[in-house]
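The values are calculated or read from the model by the stated rules, or taken from the named source; none is laboratory data. Just so we're clear, the structure is a prediction, and the values are computed from it rather than from any experiment. Reconstructed Cβ throughout: ideal geometry from the backbone, glycine too, with neighbour counts over all protein chains shown.
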Amino acid sequence: MKRLRLIKLSDNISSLIIGIKRVRIEDPKQFLKGLKDKQPSLTVQALDARFVAGFEHLKMVLQQSWMAFDREASYSEKLDLEIIVRVACDSQITRALRTVGLKSEVMDIALVVIGEPRTLKLFAEVIKGLEISDDVIKLNPEKESFLIKHHNISNKFVEATIADKNKLAMILAERANLLRI
């Protein structure tokens, strides 16, 4: 199932979350630049989809990042880097980029685009040639095991978390929110 997820961040700014399957990336910087050049007024970030614990996770990270910039309490000077830092749960930008950023290979990516809703719709039209897939963002058992191990989260901690649905998304979003502590 393919669906564009639009998240309202403020009165005139929203974010679009798009999963894209099997993208061949020769040069990560050039790939990202090519996406940004399509609509220069937008903030664009592409992440290794393996590190995204579902749409809920990205939604919470986007809201945290937006509010941090609004309150001038962000970890980085750029919104696109703020998203990387928070998804990685690592305040060290270089390490966060190395972990959850794009690599020179074929990979599934989570694309986050922020801007005015009408410009976001134009951007969505531009990337229609890519294989859009919700599955690369959704949390599945394999991805959950990988993320629990990567972030060194105990099963008891996951079980003790009070959440209706995606407990791991809540845990990772909370870790991202507490990076300064």
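Out of everything in the range 79-101 that is more than 25 Å from Ser41 (Cα to Cα) and touching a Leu at 6+ places or on another chain (Cβ under 9 Å), what residue ends up being surrounded by the most Cβ atoms within 10 Å (Cβ to Cβ)?
Ala88
Mind counting the residues in the range 74-114 that are free of Cβ contacts under 8 Å to residues at least 40 places away in the same chain and outside any helix (DSSP H, G or I)?
Selection size over the range 74-114: 5.
Does Leu32 satisfy the condition of being buried (at least 17 other Cβ atoms within 10 Å of the Cβ), modelled with pLDDT under 95, among the aliphatic types (A, V, I, L, M) and under 25 Å from Lys138 (Cα atoms)? Break it down into steps so the answer makes sense when it comes.
Values: buried (at least 17 other Cβ atoms within 10 Å of the Cβ): yes; modelled with pLDDT under 95: yes; among the aliphatic types (A, V, I, L, M): yes; under 25 Å from Lys138 (Cα atoms): yes.
So Leu32 fits the description; yes.
Report the residue count in the range 128-160 for those that are among the hydroxyl-bearing types (Ser, Thr, Tyr) and loosely packed, with under 15 Cβ neighbours inside 10 Å.
2
Considering only the range 1-28, state which residues are loosely packed, with under 11 Cβ neighbours inside 10 Å, out of contact with any strand residue (DSSP E or B) (no Cβ under 6 Å at 6 or more places or on another chain) and either among the basic types (Lys, Arg) or without any contact (Cβ under 8 Å) to a residue 40 or more places away in the chain (or both).
Asp11
So for the range 22-35 (the condition being more than 12 Å from the chain's Cα centre (by Cα), of a type outside the set (Val, Ile, Thr) and part of a loop (DSSP other than H, G, I, E, B)), does at least one residue qualify?
Yes - at least one qualifying residue is present in the range 22-35.
Which numbered condition trips up Ser104, out of (1) of a type in the set (Gly, Ala, Ser); (2) surrounded by 16 or more Cβ atoms within 10 Å (Cβ to Cβ); (3) touching a helix residue (DSSP H, G or I) at 6+ places or on another chain (Cβ under 7 Å)?
All conditions pass for Ser104, except number (2).
Here are some residues: Ala176, Ala124. Which one is assigned to a helix (DSSP H, G or I) and in contact with a helix residue (DSSP H, G or I) (Cβ under 7 Å, 6 or more places away or on another chain)?
Details: Ala124 fails: in contact with a helix residue (DSSP H, G or I) (Cβ under 7 Å, 6 or more places away or on another chain).
Only one candidate passes the filter, namely Ala176.
Can you tell me which residue within the range 44-67, out of those that are surrounded by fewer than 19 Cβ atoms within 10 Å (Cβ to Cβ) and farther than 19 Å from His151 by Cβ, is farthest from the chain's Cα centre (by Cα)?
In this case the residue turns out to be Met67.
Going by the conditions given, is Lys156 modelled with pLDDT of 90 or more and in a helix (DSSP H, G or I)?
Values: modelled with pLDDT of 90 or more: no; in a helix (DSSP H, G or I): yes.
Spelling it out, it is not the case that Lys156 is modelled with pLDDT of 90 or more and in a helix (DSSP H, G or I).
Among the residues of the range 61-86, which ones are modelled with pLDDT under 90, of a type outside the set (D, E, K, R) and within 22 Å of Asp48 (Cα to Cα)?
Once the filter is applied, which keeps residues that are modelled with pLDDT under 90, of a type outside the set (D, E, K, R) and within 22 Å of Asp48 (Cα to Cα), the range 61-86 yields Ser74, Tyr75, Ser76.
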